[in-house]
């Protein structure tokens, strides 16, 4: 089976420099020192190649101002600015289900800062949930390489606690209680659809119980 | 009800210059001379505001090479290139259904050139269909302001005819036979979900008939 990785120079947003949580590579992590984003792209490639799901990362939204069109070579963007995204980064379809998520990592060890998320992302996940889509976040503690899938309803709870003056982060304990741990694998690296299968069974049971 | 339009200068890809079908504004079209893309963005905004669906256009994929970080002002992208998208332009969720489509317009009057689409988009729509998503294209004849929704299965048929040496376009007659006309409205401008409702009922009938 062939996998196609994006080629060319990878852009790493330096604007995150002042943030508590950097997307820096953890060189202890696998043979290539991969970021959460790289692991997820590889996982999504695997899902597509094996016909399991069609989930993609959305491109970084950019406001293009000036473009040069040199003769006999590719157009060059000469001036552009980063725009605020209005959605989460990943979406797609899995066996008829609409999948929508955001992925973030922290170098903290005991808590996950909520500043990694933005109000517009929560609003978006709210809208997705209302449309019967499956919304969640994938969070990674880079120091320990632990990865969790947290359904949106729980993130929302911690977010609202913050808005009401509560703590600006989720503790590790809270995350362990309200999320599902995703073991790091070889292929796929982060098999999050296994957790989704589990959540769907739970959802079905609930509906049968209530019906 | 408030609508939020994208602000700032709009980028119009000049690289389409040599293509038969330009994304030029039709100034006879409504009060503001809107392109198909603008009409669809407005429609999608309307769907979100009214809680009908959550469907967005994906950002243009760009390979960023150089970024400047001036003091006290926003980061400026100084060198970047357009990348080939690996999906269609629009996707989202409507009442639990995964929606995925591409939108194109032509200034031709009697046929729609298939060069408006690319193999990777058809591959993507194939994958989406296999995952039980709803894939289609929205095509517009800008001269007559006629808009059609063509389910992917029909586009695929014309595409394969071309690959087998057949004509490189779909005739207007073919489009009228295998698509659904979308009347241009005021709010929303292009109510394509009404067609989807219709297709879903047909699909349900078929399933009941076969079951």
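The values are calculated or read from the model by the stated rules, or taken from the named source; none is laboratory data. It should be emphasised that the depicted structure is a prediction, and the values quoted were computed from it without experimental measurement. Quick reminder, even Gly has a Cβ in these numbers, built from the backbone with ideal geometry, and neighbours come from all protein chains shown.
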Restricting the search to the range B:30-68, which residues are on the phi > 0 side of the Ramachandran plot and either at pLDDT below 95 or more than 9 Å from chain A (Cβ to nearest Cβ) (or both)?
B:30, B:33
Looking across the range B:106-136 at residues that are surrounded by fewer than 24 Cβ atoms within 10 Å (Cβ to Cβ) and in a strand (DSSP E or B), the single one that is farthest from the other protein chains (Cβ to nearest Cβ) is B:111
Just for helices (runs of 4 or more DSSP H) wholly inside the range A:148-211: which have at least 2 residues that are within 18 Å of residue A:136 (Cβ to Cβ) and in contact with a helix residue (DSSP H, G or I) (Cβ under 6 Å, 6 or more places away or on another chain)?
A:152-163
Meets criteria (within 7 Å of chain B (Cβ to nearest Cβ), within 29 Å of residue B:100 (Cβ to Cβ) and surrounded by 19 or more Cβ atoms within 10 Å (Cβ to Cβ)) for residue A:99:
no
Out of all the residues in the range B:172-187, is one or more within 22 Å of residue B:86 (Cα to Cα), in contact (Cβ under 8 Å) with a residue 24 or more places away in the chain, within 15 Å of the chain's Cα centre (by Cα) and surrounded by 22 or more Cβ atoms within 10 Å (Cβ to Cβ)?
no
Here are some conditions: (1) more than 16 Å from the chain's Cα centre (by Cα); (2) more than 11 Å from chain A (Cβ to nearest Cβ). Residue B:79 meets all but one. Which one does it not meet?
(2)
Could we say that residue B:191 is away from chain A (no Cβ under 14 Å) and out of contact with any strand residue (DSSP E or B) (no Cβ under 8 Å at 6 or more places or on another chain) here?
yes
Of the conditions (1) modelled with pLDDT under 95; (2) more than 26 Å from residue A:46 (Cβ to Cβ), the single one that residue A:203 does not satisfy is (2)
Given (1) within 10 Å of chain A (Cβ to nearest Cβ); (2) more than 23 Å from residue A:50 (Cβ to Cβ), where does residue B:140 come up short, assuming only one miss?
(1)
